[in-house]
2 protein chains.
Amino acid sequence: MAESEAEGEALRAVRRCLEAFPAEARELSFTDSVPYLDSLPSPLEFYREWVCPNKPCIIRNAVNHWPALKKWTLAYLREIMNSKLVSVAVTPNGYADAVYQDWFVMPEERHMPFSAFLDIVEKKVTSPGVFYVQKQCSNLTEEFPELMGDVESDIPWMSEAVGKKPDAVNFWLGESAAVTSLHKDHYENLYCVISGEKHFLLHPPSDRPFIPYELYPSATYHIAENGSFEVVDDKAAEKVPWIPLDPLNPDLERFPEYAQAKPLRCTVKSGEMLYLPSLWFHHVQQSHGCIAVNYWYDMEYDLKYSYYQLLDSLTKAIARKS
Amino acid sequence: MAESEAEGEALRAVRRCLEAFPAEARELSFTDSVPYLDSLPSPLEFYREWVCPNKPCIIRNAVNHWPALKKWTLAYLREIMNSKLVSVAVTPNGYADAVYQDWFVMPEERHMPFSAFLDIVEKKVTSPGVFYVQKQCSNLTEEFPELMGDVESDIPWMSEAVGKKPDAVNFWLGESAAVTSLHKDHYENLYCVISGEKHFLLHPPSDRPFIPYELYPSATYHIAENGSFEVVDDKAAEKVPWIPLDPLNPDLERFPEYAQAKPLRCTVKSGEMLYLPSLWFHHVQQSHGCIAVNYWYDMEYDLKYSYYQLLDSLTKAIARKS
């Protein structure tokens, strides 16, 4: 066999390995749906059965003891937070941190009285754009400390399991049009729905060969005086690798590989907690006015992480340039 | 760029990824030597810090309470076991389960009185070949039940950590010439030295791109009447993939990739326990008459395992046919 022929055969074999891998990993490790736990596992069991193998689950009855479950209505939040200024992500289309017309666009971050934000969610006033309290810098502890007494500052059995406290506790409240585009985080994520529902679409990290990434210049939405949105170039920022694909309506002509990816879908209801493992791709929607709190525990950068990084590098190495 | 040129570039990029991976994994996860623990960790800590990240360690003071540590001399074993028949691996050169002249050769498995075996180890008689009690089918419980009272049937904190009992408890006793060739097992291995020393040479699974495998026909040593050894073809057996490389004296002309692999070496002494994680390549030597007991806990076939399988497949896919 000529050398170039042997090289061509080797590359085809590499492609076959990477294409077969997601199904092999799925068959060995993951089920077609996200399983439910009806009671709390011990910290050791939770680490061994879910965190270490990087498997999602929905835990029922984990936050029954939180006052928030009964107390947190929009009226109660209005009473407690009143006109205090909070950070709200505002976008024209509900997509904060997502690809729009060949840009990676971040939301306008508006500081506004919480009561004015609630007026919009409750449709007492209209305002151009989609509003979402979703700032992921531990905004529950930073901006809503008045609410901390109704939940917990960490999830004790998870802190014991992973041997550390969460890096961030985030508060989420927004309109039904607000969507979180497909992405992944380097956190072990416990996502607790207090009221309403969150709809997750998930891919395990092993689906990476089917998930497209592209590099986009970074921009931010700004609302002009007349209420129209403009996309403002963040000139100083580096380009951002992001996923251009909408998993609800994938463009399979442009991204044919994605046809082989099989998303898991789940709905997390009031009182339920999703364990969303680190590096899982997720796309999130919600019922209007859904209230949620999530805990981000930093992941371990261990052999499993190195393997993922290798998968990522190899996927890029064999990508056909279009 | 012409297509074949792009393909060549893609394959070179794949090769670079796989060559860089072992060092990247090592830097993130592993130290240059095997760390010591001076006391027992909790089951959760052990799972989180060692089993899940697939990191070896040597645990001191883990088996201080075993009567075996004080009782197990060769004289005591002779008294207890006497002339009871046991399985002994006999080879001409000390290598059981290893590549010899383009064969994968297994030892002659001889059933002999334990006292006759000890006569050889203690050099009271001479006999052609190298003798090693090393049968890995839970031979401690199966062939040496009289000794079980001096150790434990499992390692309780490990059984709690991994949520199961060991699949096998093995007893090891042999001559200094007996060597275990480089290989890996699908077990979490707790290796306890009772007397003497074991010398381990280790490679993490992430070194797979530098570890050569080849396919060999299977054979077994037989000792002829005159004491000479012959290699007998196991005609019915399938070919066996095995590592032809001797890490103590690597043939770098034949296996140039191995020059980039960096073995970890450690000596496990009497009273110490090595945690040898699943899929770690290991080569083992010992002091003459070393006595050891090890516990094999079946590994988890999870995402980390799938990633290893991918690494294995890719290493084969890009191997240059010689």
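Summarising the overall dimensions of chain B from its C-alpha atoms, the Rg and Dmax are 21.1, 77 angstrom. Between this copy and the others, label points of residue A:73 are 8.3 nm apart in ascending order, each placed 7 angstrom from Cα in the Cβ direction. Semi-axes of the equivalent ellipsoid for segment A:1-74, computed as √(5λ) from the eigenvalues of its C-alpha gyration tensor and ordered from largest down, come to 47, 14, 10 Å. Starting from the label point of residue B:246 at 7 Å along Cα→Cβ, the same points in the other copies fall at 6.6 nm, in ascending order. Where does the Debye-calculated log10 I(q)/I(0) of the protein assembly as shown sit at q = 0.06, 0.07 Å⁻¹, using only Cα point scatterers of equal weight, no solvent? Here log10 of I(q) over I(0) equals -0.44, -0.57.
Just how many % of Cα pairs in segment A:210-270 lie over 14 Å apart, if you round to the nearest whole percent? Distances greater than 14 Å cover 70 percent of the Cα pairs. For the segment B:296-305, counting C-beta atoms of other chains within 10 Å of every residue's C-beta and taking the mean gives 5. Applying a 4.7 Å cutoff between beta carbons, the unpaired cysteines of the protein assembly as shown are A:17, A:57, A:137, A:192, A:266, A:290, B:17, B:57, B:137, B:192, B:266, B:290. Return the whole-Å distance between the Cα centroid of segment A:151-211 and the Cα centroid of segment B:199-257. Using only Cα atoms, the two centres lie 48 Å from each other. Peptides A:248-258, A:22-32, B:266-276, ordered by how many other C-beta atoms sit within 10 Å of their residues on average, highest first, read B:266-276, A:22-32, A:248-258. Among the helices of chain B, those built from whole DSSP H runs whose Cα atoms reach 20 Å or more along their own axis and whose mean Kyte-Doolittle hydropathy is at least 0.0 are B:303-318. Tell me whether segment B:191-295 comes out rounded, prolate or oblate; compute the Cα gyration tensor, take square roots of the eigenvalues as a ≥ b ≥ c, and use a/c under 1.5 as the rounded threshold. Verdict is oblate for segment B:191-295.
Across the options A:76, A:21, A:93, the greatest Cα extent toward the positive end of the charge dipole of segment A:1-116 (unit charges at beta carbon of Lys, Arg, Asp, Glu) belongs to A:76. The mean count of C-beta atoms from other chains within 10 Å of the C-beta of residues in B:25-33, rounded to a whole number, is 3. Neighbour counts of C-beta atoms inside 10 Å place A:213, B:187 in the sequence A:213, B:187, starting with the fewest. In the protein assembly as shown, the calculated helix contribution to ellipticity at 222 nm averages -7000 deg cm²/dmol per residue, counting -39,500 (n - 2.57) for every DSSP H run with n ≥ 4.
Computed from the coordinates by the stated procedures, all read-outs in this text should not be read as laboratory data. Bear in mind that the values here come from a model prediction, so they are computed numbers and not experimental data. Because the Cβ atoms are built from the backbone with ideal geometry, glycine has one as well, and the counts that use them run over all protein chains shown.
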